[in-house]
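Novice: Here it is, the structure in full.
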Amino acid sequence: MFDRIDAVLFDVIGTLVDERETWTRASERVVAQTGLSSAAVFRRRWVKILDARMSAIATGQAPWVAHSQLIAESARDAVSSLGGTESDLHTALIASLDRDYPAWPDVPEATAALRRHRLVAGLSNGDVDSLARLANTNGISWDIVLSTGAVRTYKPAPAAYDYAIRSLQIDPTRALFVASHPWDLRAAAQHGFLTAYIARPGAEQPTEDDHFDMSLDGLEALTRRMASGASGGG
């Protein structure tokens, strides 16, 4: 299988960078600013609101809003719904999220190694300016990063994956989609991509019904297998 993979596409937030820890720290800062009592409760409410709004956009039930704006608006509404005192969170909060997402330790070396033999790209719901900063800060190697904002939707909308196929002019049956989110891999598989689940701390686990082409503990295992395929080793 590995010798017929021409391109590797990565989900970014959660897969290449630590989403959970970053949002935990951001939630603690918000709680300290707004008089709320529990960062954990706030974080759950914030994520729930954000996920619902992204889903409404992905399904065409709501108009397009940029990712950074959605994050800020969801934070504001989560604070309000929990009885907190509103403050000027938006600019500082989004800037801190962009700056604070740390790459998982295996990412810089693995992405650089994969680029020696394959096209490497990111496909993310994040805004392209934020994704550029993440790559610059964390030493992420890719040939290009694509934001679903270019087609004014969010994964798992079909248009997001069609956009990647069309932009990169790739055959999805010869491309590997890598993510720590089973829902993302399910959608990618529907577009013909080969799929690789990468386990990350706190990430959603695949169900018994999920059948991905690979399930790995980290990117080091992926690079070893891909290097073997590139050298004709199987």
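The values are calculated or read from the model by the stated rules, or taken from the named source; none is laboratory data. Everything numeric in this text was worked out from a predicted model, so none of it was measured. With ideal geometry, Cβ positions are generated from the backbone for all residues, glycine too; neighbour counts draw on all protein chains shown.
Novice: Hey, does region 199-215 have a residue that's without any contact (Cβ under 8 Å) to a residue 12 or more places away in the chain, touching a helix residue (DSSP H, G or I) at 6+ places or on another chain (Cβ under 9 Å) and part of a loop (DSSP other than H, G, I, E, B)?
Specialist: At the first step, the residues of region 199-215 found to be without any contact (Cβ under 8 Å) to a residue 12 or more places away in the chain are 208-209, 211.
Add one more test, that the residue is touching a helix residue (DSSP H, G or I) at 6+ places or on another chain (Cβ under 9 Å), and what stays is 211.
Then drop every residue that is not part of a loop (DSSP other than H, G, I, E, B), which leaves 211.
Yes: one or more hits.
Novice: Just need a number here: residues in region 134-146 that are free of Cβ contacts under 8 Å to residues at least 24 places away in the same chain and either surrounded by 18 or more Cβ atoms within 10 Å (Cβ to Cβ) or under 20 Å from ILE198 (Cα atoms) (or both). Give the steps one after another, and end with the answer.
Specialist: Residues of region 134-146 free of Cβ contacts under 8 Å to residues at least 24 places away in the same chain: 135-136.
Remaining after also requiring either surrounded by 18 or more Cβ atoms within 10 Å (Cβ to Cβ) or under 20 Å from ILE198 (Cα atoms) (or both): 135.
The total comes to 1.
Novice: With the requirement that a residue be touching a helix residue (DSSP H, G or I) at 6+ places or on another chain (Cβ under 7 Å), closer than 26 Å to GLY60 by Cα and touching a residue at least 24 places away in the same chain (Cβ under 8 Å), what does region 164-177 give you?
Specialist: Once the filter is applied, which keeps residues that are touching a helix residue (DSSP H, G or I) at 6+ places or on another chain (Cβ under 7 Å), closer than 26 Å to GLY60 by Cα and touching a residue at least 24 places away in the same chain (Cβ under 8 Å), region 164-177 yields ILE165, PHE177.
Novice: Related question: Given the conditions (1) surrounded by fewer than 17 Cβ atoms within 10 Å (Cβ to Cβ); (2) in contact (Cβ under 8 Å) with a residue 40 or more places away in the chain, report the number of the one that LEU97 does not fulfil.
Specialist: Going through the list (1) surrounded by fewer than 17 Cβ atoms within 10 Å (Cβ to Cβ); (2) in contact (Cβ under 8 Å) with a residue 40 or more places away in the chain, LEU97 breaks only (1).
Novice: So in region 1-55, with the set limited to residues that are closer than 25 Å to ILE140 by Cα and hydroxyl-bearing (Ser, Thr, Tyr), which one is modelled with the highest pLDDT?
Specialist: THR15
Novice: Sticking with this one: Of the residues in region 1-58, how many are of a type in the set (S, T, N, Q), surrounded by 20 or more Cβ atoms within 10 Å (Cβ to Cβ) and either free of Cβ contacts under 8 Å to residues at least 24 places away in the same chain or farther than 15 Å from ALA75 by Cβ (or both)?
Specialist: The number of residues fulfilling the criteria is 2.
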